Amino acid sequence: MQKILLILFILLLAQIAGAKEFNNGVIKGSLHDEHNTAVPFATIILKNSNDSSFYKGELSNEAGAFIFEMVKEGNYFAEIKVVGYQALLKENIVVSAAGPLTDLGTIVLPALAQNLQTVTIQAEKPFIERQADRTVVNIENSIVQTGSSVLEVMEKLPGVQVNQDGLISLKGKQGVSVMMDGKPTVLSGQDLANMLRGTSSASIQKIEIITNPSAKYDASGNSGIINIVSKKNKREGFNGSINGGYGQGRYEKYNSGFNLSLKEKKYNLFMSYNYSHRKGFNNLQLTRNFYNKDTLNTIFETDNYIIFPFNTHNPRLGADFYLSKKTTLAVLGTGVVNYFSPSATNHTDILDGNKTKTSSYDFTNRSTDKWYNYALNTQLKHQFDTTGKELTADLDYASYWNNTDQLFSTTTNNANGDFINRSILVGDQDGALKIYSVKADYTQPLKELARFEAGAKSSYVTADNNIKFYNSISENLVFDSTRSNHFIYSENINAAYVNYNREFKELSLQLGVRSEQTVAHGEQLLSGKKFNRNYIQVFPSVFFDYKISDKHGINLSAGRRIDRPAYQQMNPFRRLIDATTYAEGNPYLLPQLSYNTELTYSYNNIFFATFGYSLTTNNITDVLVQDGAKKVTVQTIVNLNQLNYYNINLVYSKRLSKWWTTNTSVLSYYGIYSGTINNYNINQGTPSFVFTTNNSFSIADGLSAEAGFNYTHPNLYGVTMMKYNNNLTLGLQKSVFKKLGSVTVNVSDLFWRAYPRGITNFGNVNETWSAKRDTRVVNVSFNYRFGKGQAFKMRRNTGADDEKQRTGVGS
């Protein structure tokens with residue numbers, strides 16, 4: 001197989017070398033208003049001068065800059081349009097082999113009216129953008145997302161599902177790599193969910209969904225990458241913004257924050273701080289049946305109510321130093337400090353096979369959690385020339401520490417509810433994780449519209465989790481070695497990649513390969529059990545983009561990905577859910593490998609149809625394991641043999657009128673799981689679909705509305721059949737203070753049907769459950785911007801990618 005790929009690669013290079021026609025032209029420029037303020041998100045249409053036919057289209061970026069690359073020799077003119085400004089025509093644009101670079105310089109756009117640019121330009125940026133390799137959801141432009149937590153925002157993203165435990169899947173598949181500003185988070189499962197619950201959407205600019213990343217990205221994430229990008233100030237001089245909001249569901253939620261920046265010729269200083277208080281609940285109601293062969297002998301009916309009060313602080317501080325016109329040194333420090341004290345009350349009735357109550361128990365959990373996460377990044381970037389030749393180097397350090405104090409009480413009662421006995425369990429958990437990472441990326445433009453990219457990365461991670469439990473006996477604490485655990489883990493990953501990009505007349509091609517070596521060691525100090533891993537994997541990727549005509553195009557991508565178990569997934573610590581249910585990690589999990597392919601057809605940039613297939617081996621799956629004799633249920637993680645996954649995604653995105661824009665999609669998928677769980681064979685799957693629509697309405701000058709709805713059909717999540725759910729969200733936004741501020745009112749989950757429900761009926765596990773949450777919320781938010789000057793782009797991405805993702809905490 002490797003020889004065949006090498007031959008194909010050589011043949012492609014030979015074909016590239018034989019290309020003669022010049023099409024390596026570049027047209028660039030920047031857009032400013034009459035006050036020298038950059039104009040972002042303007043539409044620039046490049047047309048042929050001889051027949052006025054469409055050639056290419058671009059949007060100006062946040063700095064007002066735009067660039068057309070790989071332009072054929074010829075004469076052109078450009079049409080520039082953006083709401084709030086007069087349309088502009090730029091003529092006599094000539095591209096030739098003798099003059100391949102055409103710099104249009106700074107183009108000044110006259111305003112239609114005063115003080116419109118701030119709000120009107122932002123409204124021009126769509127809620128959902130379809131780019132060549134990703135889907136971008138512009139959260140800061142969404143009326144209905146204002147006032148939500150990031151986890152609640154996730155539940156409304158196209159193709160994203162969040163189950164009853166806060167676990168995230170993409171297009172029906174587990175194994176999502178969640179990043180914060182290009183840095184993978186470092187917790188997983190409940191820890192990741194708690195961090196996202198405590199983070200306000202007010203601090204988020206956009207979320208990027210990348211279903212098939214190139215070799216430049218870490219190879220983790222078999223179902224893709226979700227990158228959460230924080231808000232940034234974008235202008236020279238002193239600028240900033242403040243925000244605040246209050247929401248009311250069953251419990252209160254409020255947030256506040258600010259962003260400040262100061263950019264001069266030699267430096268750029270920026271800082272932000274966001275605080276969020278979110279009190280929510282999770283009401284899990286389930287009926288669990290225990291069988292002796294085919295005979296029902298015991299039933300557990302449980303009502304578990306947990307209150308989550310989160311208090312989260314997100315500070316960010318950074319600086320960019322412009323050492324020369326071509327060299328920039330950047331330093332960025334980030335943090336997440338999270339305090340929360342969940343309290344759980346559980347009542348369970350125990351019935352016999354005839355549904356007669358035999359006993360009951362009451363279980364309570366009172367916890368105090370403190371999470372401190374800090375990260376520091378230094379980046380040096382050097383641009384050798386104006387053709388795109390550049391070198392970037394990153395150094396990263398991150399420290400994650402947490403402490404949890406727990407008090408569990410279990411009271412057992414007889415059939416009449418009379419007291420029998422009570423037991424007290426005290427927990428003391430300490431966790432520490434450190435990440436060290438170094439990374440370098442190099443880009444080299446080549447002749448004939450080609451580009452070569454290469455890079456290397458090395459990371460080292462240490463994790464120390466010490467969990468101690470004590471039984472309270474006669475007011476004395478006695479160490480419980482059967483529940484306690486001290487788990488030590490270390491991991492070193494070394495990686496290198498190369499990418500080759502080439503543009504033909506109507507065809508774009510990218511070939512890439514990434515290699516990663518993993519060396520890991522884990523040890524349970526109390527039991528003395530150890531394991532070691534040492535393996536090398538290769539991850540090829542290929543992308544084709546073919547323009548059939550001005551309106552029709554196809555895109556083909558294929559690649560191999562890996563998902564290493566998250567650090568918490570390998571920790572064998574037992575997390576008590578109630579007296580008879582606990583969750584625990586699996587230190588012997590193997591990484592899962594997937595082969596992904598996608599074919600996309602696009603029409604006029606408004607309709608997209610994507611057909612996908614993936615095969616995943618050693619699929620990491622969350623399952624329930626039940627001990628019928630002890631009447632104990634365990635939530636754990638196992639490797640299934642394989643998952644075959646098929647999907648079709650249809651997307652329609654269009655401005656239907658001057659006042660109405662829609663983004664609507666239907667995702668259909670079918671996953672077949674096969675393997676062995678607790679000595680039971682599994683080979684099952686079911687088709688499902690997700691319908692999502694988001695509609696924006698311009699009612700009047702400075703007044704807009706938004707309506708969003710999604711419906712998820714019953715679907716298979718591992719071994720659990722999830723029931724349908726839906727979410728209707730409505731919002732209204734009014735500009736104030738000469739359009740420098742805005743007031744937003746919205747209501748989410750109007751009919752309270754967004755919470756998960758499911759049935760697990762596999763092997764000897766049989767349970768029906770629902771997990772109601774505080775999803776129906778009314779939010780009122782205020783945002784105000786101040787400062788003037790030219791737009792600019794602040795750097796936020798760093799080099800410690802895959803490691804931070806696997807802990808699940810952003811920074």
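Quick notes
- Probe 1.4 Å, protein heavy atoms only - accessible area per residue of the range 356-429 in square angstrom: 49
- Options Q285, T327, F340, ranked by Cα towards positive dipole end of the range 260-361, top entry (Cβ charges): T327
- Shape annotation for the range 628-698: C-alpha extents along the principal axes are 65, 26, 16 Å, from largest to smallest.
- Gap separating the Cα centres of the range 710-739 and the range 535-587, nearest whole Å: 24
- Dipole of the range 249-402, positive direction: furthest Cα of N255, S399, I306, with charges on the beta-carbon: N255
- Taking the range 366-400 and a reference point 7 angstrom along Cα→Cβ of L407, the backbone N atoms nearer than 17 Å belong to 366-370.
- Ranked by the mean number of other Cβ atoms within 10 Å of their residues, highest first, the peptides 241-247, 281-287 fall in the order 241-247, 281-287.
- Once you reduce the range 244-306 and the range 377-408 to the center of their Cα atoms, the two points are 27 Å from each other.
- For the range 677-796, a crude dipole built from +1 on the beta carbon of Lys and Arg and -1 on the beta carbon of Asp and Glu, taken about the Cα centre, is about 680 debye to the nearest 20.
- In the range 451-517, GluC sites (Glu not before Pro) in a DSSP loop with at most 14 other beta-carbon atoms within 10 Å: E475, E506
- Amide N of the range 752-791 lying under 19 Å from the label point, which is placed 7 angstrom from the Cα of T287 along Cα→Cβ: 756-772
- Each residue, K658 and I536, gets one label point 7 Å from its Cα in the Cβ direction; the gap between the two is 6.5 nm.
- Taking a point 7 Å out from the Cα of N604 in the direction of its Cβ, the residues of the range 547-581 whose backbone N falls within less than 11 Å of it are 551-552.
- With a simple spin-label model that places each label point 7 Å from the Cα along the Cα-to-Cβ direction, the separation between S490 and F77 comes to 6.9 nm.
- The stretch between R250 and E264 holds 0.3 nm of extra length on full extension. This uses 0.36 nm per residue minus the Cα-Cα distance.
- Percent of Cα pairs in the range 520-564 per distance bin of 5 Å, from zero to the largest separation: 5, 13, 14, 10, 11, 9, 8, 7, 6, 5, 5, 4, 2, 1.
- Over the range 554-639, accessible surface divided per residue gives 36 Å², non-protein components excluded, 1.4 Å probe.
- Taking each residue as 0.36 nm, the span from S96 to N641 lengthens on full extension beyond its C-alpha to C-alpha distance by 190.5 nm.
- For the pair V478 and T358, label points projected 7 Å from Cα toward Cβ lie 2.7 nm apart.
- At R0 = 22 Å, FRET efficiency that the Cβ-Cβ distance of L507 and A393 yields, to 0.05: 0.10
- Between the range 666-681 and the range 643-659, the C-alpha centres lie 25 angstrom from each other.
- Fraction of alpha-carbon pairs over 13 Å apart in the range 482-544 - percent: 72
- Extension gain for the segment H521 to H552, taken as residue separation times 0.36 nm less the Cα-Cα distance, is 6.0 nm to one decimal.
- Distance violations [Cα-Cα > 19 Å] among K28/K72; K56/K389; K72/K505; K253/K772: K56/K389
- Of L750, L703, N715, farthest towards positive along the dipole that unit charges on Lys, Arg, Asp, Glu beta carbons give the range 688-785: L703
The values are calculated or read from the model by the stated rules, or taken from the named source; none is laboratory data. In this text, all values refer to a predicted model and were calculated from it rather than measured experimentally. All Cβ positions, even for glycine, are placed from backbone atoms using ideal geometry, and neighbour counts span all protein chains on display. Heads up: the accessible areas ignore ligands, DNA and RNA and are worked out on the full protein's heavy atoms, side chains in. Shrake-Rupley method; radii C 1.70, N 1.55, O 1.52, S 1.80 Å.
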